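What follows is a short report on a single structure.
What follows draws every value from the coordinates through simple rules; no lab data is involved. The structure displayed is predicted, hence computed values, not measured ones. Don't worry about glycine lacking a Cβ; one is built from the backbone with ideal geometry, like all the others, and counts go over all protein chains shown.
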Amino acid sequence: MQTAVAISVDGLGFAAWLFLSSVGLTLIYGVMRILNIAHGGFYALGAYSSAWAIGLFVNSGGAVVYSFLLIPLAALLAGAIAGLLVERGILRYMYGRDEVLMVLVTYAIFLILEDATKLIWGTESYVAWQPAFHFGTINVMDIPYTVYKFIIMAVALAVGAALFLVLNKTRVGKLLLVVIEDREISGALGINVTLFFTVTFVVGAILGALGGAISAPEISVLPGIGAEIIVLSFAVIVIGGMGSIGGAMLGALIVGFARALSVHLYPPAELFSIYLVMAAVLAVKPYGLFALAESRKI
Amino acid sequence: MNIKMDRTETGLLLALPLLILIAFVLPKWVVNYVQVSLGTGLVALGVMIQMRAGLVSFGQGLYFCVGGYAAGMLAKFLGISDLFLLLAAGILAALIVAGIAGFLLRRYREIFFAMLTLAISMILFGLLSSTEELGSTDGFNLPSATYLGWAPEGETGRLTLYTFTALVVVVCAILLNRFLKSPVGYINEAIRENEVRVEYLGTSAHHAVHITYVLAAVVSSIGGVLWALALGHVDPEMTNWTTSGQFVFISILSGTGNIAAPLIGTFLLEILRVYAVEISPNTWQMILGSVMLLTILYLPKGLWSLLTTRKSTKPSDDSADKISVGD
Amino acid sequence: MAVLLETRNLERTFGAVYAAKDVNIKIEAGEVLGVIGSNGAGKTTFVNMVTGYLKPTAGEILYKGEEITGTPTRDITRLGICRSFQIPQLFPELPVIENMLIALTVAQQTRPVLFRPAINESLKEQAMELLRRFKIDHHAEQEIQTLAQGVRKLVDIAMATVANPDLLFLDEPTSGVSADEKMGFMKVLIDALKETRTAVLFIEHDMEIIERFSPRCVAFYEGTILADGPTEEVLENKEVREFVIGSEFHRSGNAASTAASVQEV
């Protein structure tokens, strides 16, 4: 029983973190048809800037409670700056190119971001644990969990709900759906497609950075976290069906629980259980569980 | 077409004695880099022949690793160090893994193929990283190779392994060159351009992709065995996606025009890396990324295209768009 | 004459919509027939089903007396049924000659050949011969994506004949060909195909072309066959005049028809 509860809470915790880290990836793919490997770079930038800012703030005597504000702030700044630079500086020259080519382009950008991160923050690891323990812990069936874990879950839900509302209930969201449906016609209708792309990319980048920023207090931030998160995010968005927000949520839950299950029942399987689940889902449902409809070919 | 093919093959055959000769002339560290890049170059070749079919494998490290570990495990658990048996083990392991995985992968194209190859290679990464019998993330060491009972040591051993490596790589490259000009190789180009038409011409695109995938796997695993023997060590990093990314990088850089290009590209990159890491360790990936972007933008067919003249004119974007309605 | 192809009560639904319903057609060896019908009438769906690209939801397809319903496209091609496409399905980045060489290589390959060269002089000669037959040999070295639509159409059709089919479907061969070139285009085409005594079914919107080139005509309307018989009779048929030709007549020029046909594709 205790194990079952532990698996549930851990599974939800992993899922929340995975959803936050992957939703930007699926958003960008859905709108722009770019599978953005550089997303891992945004995640790392978010994590570094948040860990660095929190460390600086707390060590100089700031009250920990205010350091929470630094997390979204760091994500916003890191994501917006990096996202804008990448989109305006590189990607806009590549629109309309083959999807696979765009993967290679974003892979190249990922490599550049990796080193940019190292140049800014060096190669040593950053730890900013203070916010994670500030609100103490809650015991669930005698297992202590940090309140912070539940905050992440709440943020994940809030982000999911906000995206859903913006996409489905607002004018901007409806226009965006038109852009997704047909880029050329929406251009003819007078919709500023370029602006939509830029905004989508920057929002996606900020979300990626938020994923990193919010998890920074729980992990030690060191080189390589970007490469790690990108494969996890792939699994998440592929399982759900690329380009679908709801799919990302489902994918995050599946991957989160797969990981929690193996952590508690068979720890050696932790690393590969995720990819095994991904391969298994794809073997049955080739384009994910909520795939976007493919158009007829001939 | 035939003349061009012969030229590549004669070139490779002529390069072989030269390649072996440099082992006796050039400093030891350069020869080591040549040997290592011959191994990884084969994996890049594996990526490249799939690219001909429009398929980008972001998980070719899988077979690099399968080859290395198959050879390593044969040595570790059965005490076998014969080069030919180790190569056979690597090939067999790749045949089995790729034969099975191919049934799944041949159904996918484009980014789905890229992601699924990545996922499968990461399964092995996770598996090896948590297997203590195989040294977990540290991997384990391999003994020196023997040759049908002959066990050369020291300098002789080094030169023998190098010679065999060069020989095997050249043979593989010639075979792959033939493959690219063969009917299946041709079908791959057709698959890249228009798969619907391929089916309507009366052949199975799935079969061609499966065959190509297995062939690429075998070549990569041979590369893995040779690389592992050269370094005397294997570890799970071989199948990490970042390793696979480097193979993709080499294929993009050298293009799919000529079979020798990835081999040369691998070596140049290896040398460049040595200096770059020496001078500025934290900008190496930045250089790689920038070079890759520039290549994609200005030399979409790779650096090799600089060496060949093209007679056909570049199409306007407009006409390309019209065609893409049907693909 | 021997019946080459026969469909019995062929049916295909997309959700609640019938793209084909009770389609019964017999095609005899060597005959030429034209198919008319407005966009969405089920013409391309019919071709897609017979060539194995779409599975019918009900009904049977018989070819030379044997049932071939549900057979994969590649096997149907091997049996001798080929097609061309409304939007040419070619290898756009390669020259015309390479396109034909690939097509011939594939058509002549019976099992995977891995390490022997695909191209030889005789294959090149065959490819050039095909291009000459369709009068496009002077385009041999040009990349597909640099060619005009009409030439692409001919390459597409030439490619459909590499396996010497007994039955050839041409899906709107003259769409995208300018109005004053259509007649000449069709003449080149039908002459080339008569040489090989291939049975030809072509989908066409231009009634003049139908009258001139096909002795027999089949009219589709909302997935069903409205009329089938000698062309003059079918074109005089009251329902055909009202539902098919009437709607064709109202189509406002080429722009609208191209837009609509892209939708159908």
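Entry for chain B at q = 0.10, 0.11, 0.12 Å⁻¹: log10 I(q)/I(0) = -0.58, -0.70, -0.84, Debye formula applied to identical alpha-carbon scatterers, no solvent contribution.
Computed from Cα atoms, the angle from the helix C:182-195 axis to the main principal axis of chain C rounds to 70 degrees.
Helix C:96-108 and the longest principal axis of the Cα set of chain C meet at an angle near 90°. Distances between placed amide hydrogens fall under 5 Å for B:PHE140 paired with B:VAL234, all partners being 5 or more residues away or on another chain. Under 1.5 on a/c is rounded, so check that first for the protein assembly as shown, then, if it is not, pick prolate when a/b is larger than b/c and oblate when it is not; a ≥ b ≥ c are the square roots of the alpha carbon gyration tensor eigenvalues. In terms of gyration-tensor shape, oblate. Relative to the globular-protein estimate of 2.2 N^0.38 Å, the Cα radius of gyration of segment C:89-163 stands at 1.06.
What pairs from A:LYS118/A:LYS174; C:LYS43/C:LYS238; C:LYS153/C:LYS238; B:LYS301/C:LYS124 go past 30 Å between their alpha carbons? With Cα atoms farther than 30 Å apart: A:LYS118/A:LYS174; C:LYS153/C:LYS238.
Springs between Cα atoms under 10 Å define the GNM used for chain A, and in it the highest mean-square fluctuation of A:GLU184, A:GLU270, A:GLU114 occurs at A:GLU184. In the elastic network of chain A, a GNM with C-alpha springs shorter than 10 Å, the most mobile of A:VAL64, A:VAL140, A:VAL103 is A:VAL140. Counting every other Cβ atom within 10 Å of each residue's Cβ, A:THR146, B:THR156, C:THR105, C:THR13 order from fewest to most as B:THR156, C:THR13, A:THR146, C:THR105.
Calculation over all alpha carbon pairs of chain A in 10 angstrom steps from 0 returns a P(r) of 7, 27, 35, 22, 7, 1, 0 percent.
Every helix of 4 or more DSSP H residues in chain C counts as -39500 (n - 2.57), and over all residues that averages to -10500 deg cm²/dmol at 222 nm. Counting only residues at least eight positions apart within a chain, or on another chain, the aspartates and glutamates with an alpha carbon under 17 Å from that of C:LYS194 are C:GLU28, C:GLU31, C:GLU129, C:ASP166.
Of all DSSP beta bridges in the protein assembly as shown, what percent run antiparallel (nearest 5)? The antiparallel proportion sits near 65 percent. Remark: spin-label model distance C:ARG111-A:THR123 equals 5.4 nm, labels positioned 7 Å along the Cα→Cβ axis. Sorted fewest first by neighbouring Cβ atoms within 10 angstrom, B:THR10, B:THR295, A:THR137 come out as B:THR10, A:THR137, B:THR295. Report the residue, chosen from B:ASP82, B:ASP235, B:ASP138, that carries the largest GNM mean-square fluctuation when chain B is represented by alpha-carbon nodes joined by springs under 10 Å. Fluctuation is largest for B:ASP138. Taking every full run of DSSP H in chain B, the ones that stretch at least 27 Å from end to end by Cα along their long axis and average 0.5 or higher on the Kyte-Doolittle scale are B:2-25, B:28-52, B:83-105, B:110-129, B:154-181, B:205-231, B:260-279. How far, in degrees from 0 to 90, does helix C:121-133 lean away from the longest principal axis of the Cα atoms of chain C, to the nearest 10? Its long axis makes an angle of about 40 degrees. For chain C, the Kirkwood hydrodynamic radius from C-alpha pairs, put into Stokes-Einstein at 10 °C and a viscosity of 1.306 mPa s, yields a diffusion coefficient of 83 µm² per second. Is segment C:1-138 best put as rounded, prolate or oblate by its Cα gyration tensor, with a ≥ b ≥ c the root eigenvalues, rounded for a/c under 1.5, and otherwise prolate when a/b is larger than b/c, oblate when not? Prolate, since a/c reaches 1.5 and a/b exceeds b/c. Can you list the DSSP H helices in chain A whose Cα atoms extend at least 18 Å along the helix axis and whose mean Kyte-Doolittle hydropathy is 1.0 or higher? Answer set is A:2-32, A:64-89, A:99-121, A:147-169, A:193-215, A:225-240, A:245-265, A:270-284. Note on chain A: helix-only mean residue ellipticity at 222 nm, from DSSP H runs of 4+ residues weighted -39500 (n - 2.57) and normalised by residue number, equals -25000 deg cm²/dmol. By the gyration tensor of its Cα atoms, with a ≥ b ≥ c the square roots of the eigenvalues, what is the shape of segment A:92-241: rounded for a/c under 1.5, prolate for a/b over b/c, or oblate? Since a/c reaches 1.5 but b/c is at least a/b, the shape of segment A:92-241 is classed as oblate.
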